[in-house]
1. I need the full set of residues from segment 54-98 which are part of a helix (DSSP H, G or I) and of a type in the set (Asp, Glu), in order please.
2. Looking at segment 235-257, can you tell me whether even one residue there is out of contact with any helix residue (DSSP H, G or I) (no Cβ under 8 Å at 6 or more places or on another chain), modelled with pLDDT under 90 and of a type in the set (D, E, K, R)?
3. Give the residues of segment 299-312 that are under 18 Å from Arg209 (Cα atoms) and in contact with a Leu (Cβ under 9 Å, 6 or more places away or on another chain), sorted by residue number.
4. Hey, does segment 24-31 have a residue that's within 17 Å of Asp102 (Cα to Cα), touching a helix residue (DSSP H, G or I) at 6+ places or on another chain (Cβ under 6 Å) and modelled with pLDDT of 60 or more?
5. Within segment 300-320, count every residue that is touching a Lys or Arg at 6+ places or on another chain (Cβ under 7 Å) and more than 15 Å from Gln228 (Cβ to Cβ).
6. Could you give me the residue pairs with C-beta distances under 9 Å whose first residue belongs to segment 282-296 and is at positive phi, whose second residue is hydroxyl-bearing (Ser, Thr, Tyr) and surrounded by fewer than 16 Cβ atoms within 10 Å (Cβ to Cβ) wherever it lies, and which are 6+ apart or on separate chains?
7. Using beta carbons and a limit of 9 Å, which pairs, at least six apart or on different chains, have the first residue in segment 75-100 and in contact (Cβ under 8 Å) with a residue 24 or more places away in the chain and the second one buried (at least 22 other Cβ atoms within 10 Å of the Cβ) and small (Gly, Ala, Ser)?
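The values are calculated or read from the model by the stated rules, or taken from the named source; none is laboratory data. The model shown is predicted, which means the values in this text are computed figures rather than measured ones. Here the Cβ positions follow ideal geometry from the backbone for every residue, glycine too, while neighbour counts run over all protein chains shown.
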Amino acid sequence: MLCKHCTEWSSSGHQSFTAADSNSSSTTKSFVPCKVCGDKASGYHYGVTSCEGCKGFFRRSIQKKIEYRCLRDEKCLVIRLNRNRCQFCRFKKCLDVGMSRDSVRYGRVPKRTRERMEETRVAQSESDQSIRDMESKELAIYDLTLTVTQAHHVNCDYTDMRTRGLVKKPAIFSLNDFQSEGGGPDSVEHQKIVMWQHFATFLTPSIQRIVEFAKKIPGFSELTQDDQLRLIKNGFFEVWIMHAAKLTGPAENTITFYDGSYITRQQIELMFDYEFVLALFNFVTSINSLDLNDSEIGLFSSVILLTSERVGIYDHKAIDHIQERLIEALKEPSIRSTWTGSGPTGRDSRCRRSLQRSSTSQDSESTSNKLHKTVFFFSSFVVKSARECCWTHNRTKVSRLTL
């Protein structure tokens, strides 16, 4: 009996997905892939070679007029192993490959079409294993990307959704608060300490969120506790600046916190030297020039955080392995959908240069290391928050770490 919406596939050799081997009396089933998910197609459904699963999914979608919503960037990977994860992107791909209520074909498969299918089957049989390997790799990258980006959306205060309509508040402190005292060296150092304590208070919620984000990065929790703590301690500031950068316009000389309050460049220069602040705002400009979306920022943050060239790191190999997987995810077309150019002027190259400047440069101290040297007690805020969030059950081991 003919299906209302698809072509009938006869059990005879010339009408079904079977082909007789000229050198053998046995009949082997042809493999014609579903154009939507790559699974074995069962016939023409809504004008496209597709599997039973995608045929049924498309039929339900159009009959019930279901409106789907993608939780990511509407560019999810749709393959056999994960086709049910995002219905929006699956339905979108159905339409992209030509599925349509108006494209229904009735009757049996034309001879010419069967011949093309047989040619496809022969070519497919030669590359089945490589396709399966590619599917497995793509799925692993997809899962990694999904895990990291979801963790970023949950634990970052600077996503588009959270900062939309943000109202700017006053600066976290006024310079007049620190100009009434004398100008001696002791007074200047005391002012720096007071400013840093106030600054660190505003950073504490972000420290806790970045710790929670790090815990969700696949592989991070398998590292030694000492390495986990050092990665967060040395990488936190770079990650925070990367998050906060999107709230800093090209003409602004401020760093804005998630609640709308801010600190001015002049105030930062009171706590640091001029060269440090110049490098800091150059980094902000560099990050903003990449025009990263939230998913890219999440992956970029994890790459920066999982940098083995940090002081005191023990297991460099394990950290490098995790970072390499994250970089692979960052290269995926579904993530870098708007990245253009592969040469020195391309976005990919600029991204790599920013990574090198911000995290892995061997020629100069990293932002975090210089920050820790400038204000010795800032590490205590990071470590204290990390202990409270992650390792309160094992304080003895954590306390052995020399700050």
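1. Residue satisfying the conditions is Asp96 alone.
2. yes
3. Pass one, segment 299-312, residues under 18 Å from Arg209 (Cα atoms): 299-306.
Of everything in segment 299-312, those that are under 18 Å from Arg209 (Cα atoms) and in contact with a Leu (Cβ under 9 Å, 6 or more places away or on another chain) turn out to be Leu299, Phe300, Ser302, Val303, Ile304, Leu305, Leu306.
4. No, segment 24-31 has no match at all.
5. Qualifying residue count, segment 300-320: 0.
6. Listed by first residue and then by second, the contacts come to Asp291/Thr338.
7. Cys94/Ser50; Val97/Ser50; Met99/Ser50
Here's the yes/no breakdown for (1) on the phi < 0 side of the Ramachandran plot; (2) hydrophobic (A, V, I, L, M, F, W, C); (3) in a helix (DSSP H, G or I); (4) modelled with pLDDT under 85:
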| site | (1), (2), (3), (4) |
| --- | --- |
| Lys169 | yes, no, no, no |
| Asn176 | yes, no, yes, yes |
| Gly182 | yes, no, no, yes |
| Asp186 | yes, no, yes, yes |
| His190 | yes, no, yes, yes |
| Ile193 | yes, yes, yes, yes |
| Pro205 | yes, no, yes, no |
| Gln208 | yes, no, yes, no |
| Phe213 | yes, yes, yes, no |
